[in-house]
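One structure is given below, encoded as C-alpha cells.
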Amino acid sequence: MKTPVLVINFKSYRESTGRKAVEISKLAEKISRETGIEIAVAPTSVDIVKVREQVSIPVFAQHADPITPGPYTGRINVENLKDWNIDGIIINHSEYQLRISEIDFLVKAGRANGLETIVCTNNIDVTRAVAEFSPDYIAIEPPELIGGDISVSKARPEVVENSVRIVERIDRNIKVLCGAGVKTGEDVKRAMELGSRGILVASGVVKARNIENAIRDLLKGMGEMDG
Ligand code: G3P
C-alpha cells in the first residue's frame, strides 16, 4: 500500500457485512480514485472474495490462522488468501489476539506469499516485541478506546509518538498506523502529526449516518502527505 492510508476494518457489524461490504468497498474505491489517497478495506472472511472481485483497492483479511494448508476445519490459511489475490492480513487485532509465536508465523507466511501484514498492538511493550518480526505495518490501538468517541491521537498521543520512535529504532521500514476512536479529520491530522503513516478505523466509518461523508472527512486529515 502507499501511505498515507486509511484502512477500514469492517469487523462484523451488520452495517458492513454481506452486500453492504461490497457497497462500502466500491464507495471507498471511488473516493480513493477521486482524492488520490490510498484506502484499503478489511471485510469478513465470508465477504472477502466477493469484495476482491468487485474492487481494485487493497483488500485485507481481518485475520488468518497460523496454519499451513491441511486438515484444519473452519480455519483460514494464508495460502488460501493468496489464491484469491487478497493483498494483506490484519494480525493480532485486539478482538482476535494471538500468541507471539503465532504472530511470527503469520508475518513470515505473509512475506512468503506476497501478502502485506498489519500487526496490531495494544501497548508499547507489545509493539517493541512484534517490531522484531518486521511486519510491513504496526497498528497501535489502545483497547479501551476502540469503538468509542475519543481518538487515540487525542487521548493517548504519547502512545503513538513513542511507538513511532521505538519502531524506527528497531526497523525503519515498518510503518506505524494507529486507530481506536478515530472519528474526524482532526483526529486523523493529529495522528499524522504524531508520526502515524495511516489510520485503522471501524465504527467512525461503518456506523456513520453518511458513510461517504465520514470517509471524506477522515481523508481531509491526510491531505497531500508522503507517497
Ligand atoms: O481495527 C480498527 C479498530 O479496532 C478501531 O475501531 O471503532 O474505534 O474505529 P474503532
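Only the coordinates and a few stated rules stand behind these numbers; no lab work does. A quick note: this is a predicted structure, and the numbers were derived from the prediction, not measured. Cβ atoms come from the backbone with ideal geometry, glycine included; neighbour counts cover every protein chain shown.
Points to keep in mind about this one:
- Taking Ser16, Ser153, Ser45 as the candidate residues, the one with maximal mean-square fluctuation in a Gaussian network model of the chain, Cα springs under 10 Å, is Ser45.
- Loop-located trypsin sites (Lys or Arg not before Pro) in the range 1-31 (DSSP state other than H, G, I, E, B) with a sparse environment of at most 12 neighbouring Cβ atoms within 10 Å: Lys2.
- In terms of Cα atoms, the Rg and Dmax of the chain work out to 16.0, 48 Å.
- Set of aspartates and glutamates with alpha-carbon distance to Lys30 below 15 Å, sequence-local pairs under 8 removed: Glu38, Glu212, Asp217
- For the range 1-116, the relative contact order is 21 percent, taking Cα pairs closer than 8 Å that sit 6 or more residues apart in sequence and dividing their mean separation by the residue count.
- Cross-link reach list, aspartates and glutamates versus Lys82, counting only Cα pairs under 14 Å and skipping chain neighbours closer than eight places: Glu53, Asp65, Glu116
- Loop-located trypsin sites (Lys or Arg not before Pro) in the range 73-161 whose Cβ has at most 11 other Cβ within 10 Å (DSSP): Arg99
- Restraint check, Lys50/Lys175; Lys108/Lys189; Lys108/Lys220; Lys26/Lys175; Lys2/Lys154, Cα-Cα greater than 30 Å: Lys108/Lys189; Lys108/Lys220
- When peptides 215-223, 191-199 are ranked by their average number of other Cβ atoms within 10 Å per residue, the highest-first order is 191-199, 215-223.
- Residue (of Gly148, Ile31, Leu81) at the positive-pole extreme of the chain, dipole from beta-carbon charges: Ile31
- Value of relative contact order over the chain, rounded to a whole percent, pairs C-alpha under 8 Å and six or more apart: 19
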